[in-house]
1. If the requirement is being of a type in the set (Lys, Arg) and over 13 Å from Val8 (Cα atoms), which of these qualifies: Lys32, Lys79, Lys65?
2. For Ala66, all conditions in the list (1) small (Gly, Ala, Ser); (2) surrounded by fewer than 18 Cβ atoms within 10 Å (Cβ to Cβ); (3) touching a residue at least 12 places away in the same chain (Cβ under 8 Å); (4) away from the ligand (no atom under 15 Å from the Cβ) hold save one; what is the number of the exception?
3. Run down Ile10, Ile18 and say which single residue is assigned to a strand (DSSP E or B) and either out of contact with any helix residue (DSSP H, G or I) (no Cβ under 8 Å at 6 or more places or on another chain) or surrounded by 22 or more Cβ atoms within 10 Å (Cβ to Cβ) (or both).
4. With the checklist (1) of a type in the set (A, V, I, L, M); (2) modelled with pLDDT under 95; (3) under 20 Å from Ser144 (Cα atoms) in hand, flag the one item Ala175 doesn't pass.
5. The conditions are (1) within 14 Å of the ligand (Cβ to nearest atom); (2) within 20 Å of the chain's Cα centre (by Cα), and His214 fails exactly one of them. Which is it?
6. Pick out the one residue from Glu39, Glu47 that is among the acidic types (Asp, Glu), farther than 30 Å from Met110 by Cβ and without any contact (Cβ under 8 Å) to a residue 60 or more places away in the chain.
7. Look through Ala167, Ala208, Ala176, Ala212 and report the one residue that is out of contact with any Asp or Glu (no Cβ under 9 Å at 6 or more places or on another chain) and closer than 19 Å to Ile18 by Cα.
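The values are calculated or read from the model by the stated rules, or taken from the named source; none is laboratory data. Computed from a predicted structure; not experimentally measured. Every residue, glycine among them, receives a Cβ derived from its backbone with ideal geometry; neighbour counts consider all protein chains shown.
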Amino acid sequence: MGRLDGKVVIVTGGAKGIGFSGVELMAKEGAKVVATDREHNLALLQEKVAPLAGEITATSLDVTKAADWERVVKETVAKYGHLDGLVNNAGSHITKSLLETSEDDWDKIMDVNAKGVWLGMRAVIPEMMKNDGGKGRGSIANTSSVAALMGGYADAGSVSYSASKGAVDAMTRHAAQWYAKYNIRVNNVNPGPIFTGMVVKSGVPTQAAMGALHKGRINLPPYAGEAADIGYAFVYLMSEESKFMTGADLVIDGGWSSNSFVPEQNMHEILKD
Ligand SMILES: NC(=O)c1ccc[n+]([C@@H]2O[C@H](COP(=O)([O-])OP(=O)(O)OC[C@H]3O[C@@H](n4cnc5c(N)ncnc54)[C@H](O)[C@@H]3O)[C@@H](O)[C@H]2O)c1
């Protein structure tokens, strides 16, 4: 028996990185997964989900477009009769400091990372409220970042990215508060450095190189995570195993944000003394 048997879950940004891992792991656990990504990544998404175990529907969804959300939710409910979960994973990143950021940069990042998450919750919550004979039930996982928790998130920093993820954290708490009476749970997942295409785009070629950048700031080897480290969190949050959890931040960062060492120190070197 799978941990997600009978669950119907929509995932955004499912063609790559963390989102793809979530699609794969949730389908393996028995969920009916509606895997989505932007139109230009649809062929890639279809190709990547084809060999996977389980039931996966691939379709296009740009998270910044309300009409796309409306269509995907409608198609999902028409196909499966109900909707249990949403993994709001799609995200976009630029590395630009507060002074370097243009209005266009700001709008683009906020549009995908903050508005996209709000539009997603707005689209799925009314369907989740209908579950269990109108009593309601559902689970939403919003992908934030340690960037929402830490000022010194990255060397060059990114004011728009940090602000957008702070908005995600706040929206999660808001939605968790207001929809708990419909048994709809809303939680954040706050990843630390996870090696994916987003990281390659920012100029870091391998997980080892990413780890090397963070050694001394992160205590747990290999100092950078992989997509499945977050994919498994989606499985947990979409399952009934997390039924008493809402409004929380699930921080998965190798200990970075709880680290009290100064950057030059490394736990393993200190323990040798
Ligand atoms: N990789 C990390 O170190 C890290 C750390 C913290 C948080 N995150 C967050 O995790 C999530 C996934 O990141 P990733 O590293 O897998 O990135 P990635 O770039 O590998 O994948 C992101 C996916 O989102 C999709 N996407 C972008 N804009 C979209 C839009 N408007 N509509 C629909 N889909 C869109 C892309 O097409 C892509 O498939 C993001 O929200 C990101 O901010 C990543």
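1. Answer to the check: Lys65.
2. With (1) small (Gly, Ala, Ser); (2) surrounded by fewer than 18 Cβ atoms within 10 Å (Cβ to Cβ); (3) touching a residue at least 12 places away in the same chain (Cβ under 8 Å); (4) away from the ligand (no atom under 15 Å from the Cβ) applied to Ala66, the lone miss is (4).
3. Going through Ile10, Ile18 in turn, just one is assigned to a strand (DSSP E or B) and either out of contact with any helix residue (DSSP H, G or I) (no Cβ under 8 Å at 6 or more places or on another chain) or surrounded by 22 or more Cβ atoms within 10 Å (Cβ to Cβ) (or both): Ile10.
4. Condition (2) is where Ala175 drops out.
5. (2)
6. The conditions single out Glu47.
7. Ala208
Yes or no, residue by residue, for (1) part of a helix (DSSP H, G or I); (2) within 11 Å of the ligand (Cβ to nearest atom); (3) within 27 Å of Glu29 (Cα to Cα); (4) in contact (Cβ under 8 Å) with a residue 12 or more places away in the chain:
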{"residue": "Glu75", "(1), (2), (3), (4)": "yes, no, yes, yes"}
{"residue": "Thr95", "(1), (2), (3), (4)": "no, no, no, yes"}
{"residue": "Trp106", "(1), (2), (3), (4)": "yes, no, no, yes"}
{"residue": "Gly152", "(1), (2), (3), (4)": "no, no, no, no"}
